[in-house]
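A quick write-up on the structure given underneath.
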Amino acid sequence: MLAQLERFRRRLILVAFVKRLPLSAAIAVSGALVAARIGGVQANGVLIALVTSALVASLAAASIAYRRTGRIVQVAATLDGRFGLANRLATALQFSGDDDGVASLISADADAALRGRRPQDVPFEAPRHLAWIVGGVAAVVVAAGLVGKSPADTDTSVSSRGVLGGAANASMSDGRRSLASTPAPSNVSAAAARVQQADPNGQRGIAPVRSNNAPAADDPLSRQTTVREAPTQSADSAADPRQARAADAARTPPGSSGAAAGRVGERRGSAGASSAPRSEAPTARADLGGSVGANALRSTTTRAGGVRGTTADPSPTSDTDQRPITNRGGMTPAAAWDRAESAIEREHLPLDLRTYVRGYLVAIKSGGLP
Amino acid sequence: MSLAAADIQTRAAIFRDCFGRLKTEIGRVFVGQPSVVEQLLVCFFCQGHALLEGPPGLGKTLLVRTLSDAMNLQFARVQCTPDLMPADITGTQLLVEGHDGVRSFAFQRGPIFANIVLADEINRATPRTQAAFLEAMQERRVTVFGTTHRIDEPFSVFATQNPIEMEGTYPLPEAQLDRFFFKIRIQMPDVDDLAEIMMRTTGEEAPRASSQFSADTVLSLYGLIRQVKIADSVLRYILHLVRATHPDAPEAPAIVKKYVRYGASPRAAQSIVLASKATALLASRYHVATDDVRNVAVAALNHRIIRNFTAEMERVTAEEIARGVLSSAPAL
């Protein structure tokens, strides 16, 4: 009887595994999706997370199946219930070591009851709440899709870390600007490594932006630390005479690989100090109070507190970027002022830096900008 | 005592045959309600005592008398009244004169020394008299004037009580109720059974059960029932049921928490185990199954569940509570 029970044990573990796998997989995959969404993981990362979660779910289901049905006593009890054997197997198993007439009768009875039954007689079962499981996973997938694409996946949204604003994502798509509270990646250099350069056809590409004392663009190290994104709107500042000051302040070598440094300030902000080479820091501090480390960043702060950037190349890249700064995508200087104020509050800037920035804002305001 | 498998099979066959013939023989006199007859026989073969509850005229006394007739056992009937004294049950010392003219005290055995004792309307006896049954039922012996007298086996007390007429009665205390193996409710027969009863009892000759077995046969079957095995899982199922009758136990269902003041004692579990073993033997098994437990649990639990005031006000019976416990217990 023990040999027969052993065969049934393997079958029962398999059945239990198949029964529990959907729920485990649903929980793991949903968790992975949510975690990937919260963490802003790239597409490859999401794929890896899904595969890993599926593996974890399989292991968990197998572990649970083994623990719930793995013991031979449990197997006997389960078979008693499934085949309607009236506790024959469980009793026979328990008293199999007894050497009396009743125990031998019970054992013979159990053998007879189990004879003719095969492990295949134990059918696979669907989970009790399969519909709910499938529905739940579908809901999580849909919700993950509705919340929005991750910053790494979207080529039109830019992780922004302005001098005043700190962590914020400024979506630049369609010429409109919107703020999202999604935190920017901690490794700003890596996250902003890919920049998009406006080409004459309106396509976006990648172009390095070099600081004054930065190495050449073909230097891999410098490319990693200084490459910035140049959105389509980057050239619009050239149309605004007030932005010429910012462009001058930026002192970005014109025509440096045709790069546009326009939005760098609002995307990078104070984080630039950490990403820039240490040797550049004094230059940046001279202008920005230590908040940026590259000229491209410094040029931003000469504009409206990092809200607006400037470009190294003042020439427009597209017609749509020729709009005035006072009303571009609904962002008025007053709104920019408010935004900078709220960013100061939100980011808990150090007191000296906050004073500096406030003074800077007041100076701009008194200059008639807002 | 360990017996060979063949011997056990033979005795089990005798038990089933004996049980079936008794059931048939009782059925010749007592019409209908086969489950009541089965419960009574299971109780008897488990050396238990039963409390038969039902309105007057449903054949409670007839059922017990028929059982003793069918088994050729000594039968005694005690009609309990408020003036019934303990000595009327246990017996007493009488002054007797010997052949040589010498007078001395001799113990005169009471009706409790019969094999089957029918205590009719036991709740009409005073608590003092009811207590006289206690030692006999539990210890199977009687102590009179400092002398202990053993009661011969087989011995079972079958008491009856009327659940309707409560005036002038002394409800049995919980301690005494607990000593009854089963409480068997006798229901009103349906029309067909009533018609059969009329036919049998209003004719020229009333049917009588014929003797089938001797006391020795019964005694030999007692040990067989106790040899039936019970698995741990089934035993724990029984204990779960018993614990679930206690309102403060974590296993207690809502109906128990709401309506029960005190639950069943370990004697209830003993009764369920023994009765389940007998039921298993009747089903040609040598081990207890959960179905056996379910078949006997209500009869073993319902008189051991002490209801609270809410249950009495809402007329929730102990049997309903016991069924609620059964239905809420997890299946094995």
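Points worth noting:
- Stretchable slack from A:E125 to A:A54, in nm (0.36 nm times residue separation minus alpha-carbon distance): 23.5 nm
- Model label sites at B:Q79 and A:R354, defined 7 Å from Cα along the beta-carbon direction, differ in position by 10.3 nm.
- Residues B:L326, B:L172, B:L118 in ascending order of nearby Cβ atoms (within 10 Å, fewest first): B:L326, B:L172, B:L118.
- Packing rank of A:38-47, B:219-228, where each peptide gets the mean count of other beta carbons within 10 Å, highest leading: B:219-228, A:38-47
- Dipole of chain B, positive direction: furthest Cα of B:P55, B:I238, B:I122, with charges on the beta-carbon: B:I238
- Under 5 Å, built H, 5+ apart or other chain: amide partners of B:V144: B:H149
- Shape parameters for the range B:218-297, alpha-carbon atoms, Rg then Dmax in Å: 14.0, 45
- C-alpha center-to-center spacing [the range A:1-80, the range A:90-140] in angstrom: 19
- In order along the range B:116-128, the phi-based Karplus estimate (6.51 cos²θ - 1.76 cosθ + 1.60, θ = phi - 60°) of 3J(HN,Hα) comes to 10, 10, 9, 9, 6, 6, 4, 6, 8, 7, 6, x, 5 Hz; Gly and Pro are listed as x.
- Ordering A:L353, A:L79 by the number of other Cβ atoms within 10 Å of each residue's own Cβ, fewest first, gives A:L353, A:L79.
- Inter-part distance where the range B:206-278 and the range B:113-167 are each reduced to a Cα centre, Å: 21
- Cβ crowding within 10 Å, taken as a proxy for footprinting-reagent exposure, orders B:M71, B:M85 from fewest neighbours to most as B:M85, B:M71.
- Top of B:P171, B:P207, B:P127 by mean-square fluctuation, Gaussian network on chain B, Cα under 10 Å: B:P207
- Inter-chain shielding of B:7-16 (mean C-beta neighbours from other protein chains, 10 Å cut-off): 1
- Estimated FRET transfer efficiency (B:T92, B:L219; beta-carbon r; R0 41 Å; 0.05): 0.90
- Simple spin-label estimate for B:S284 and B:D232 gives 3.1 nm between the two label positions (7 Å along the Cα-to-Cβ direction from each Cα).
- Cα→Cβ-extended label distance, 7 Å offset, between A:A112 and A:V134, nm: 4.5
- Estimated D of the range B:1-156 in µm² per second, where Rh is the Kirkwood radius over Cα pairs and Stokes-Einstein applies at 10 °C, 1.306 mPa s: 90
- Theoretical ellipticity at 222 nm over chain B - DSSP helices of four or more residues, -39500 (n - 2.57) apiece, nearest 500: -14500 deg cm²/dmol
Laboratory data are not the source of any read-out in this text; all were calculated from the coordinates shown. Quick caveat, the model's predicted, so the values are computed rather than measured. In this analysis, Cβ positions are derived from the backbone assuming ideal geometry, glycine residues included, and neighbour counts consider all displayed protein chains.
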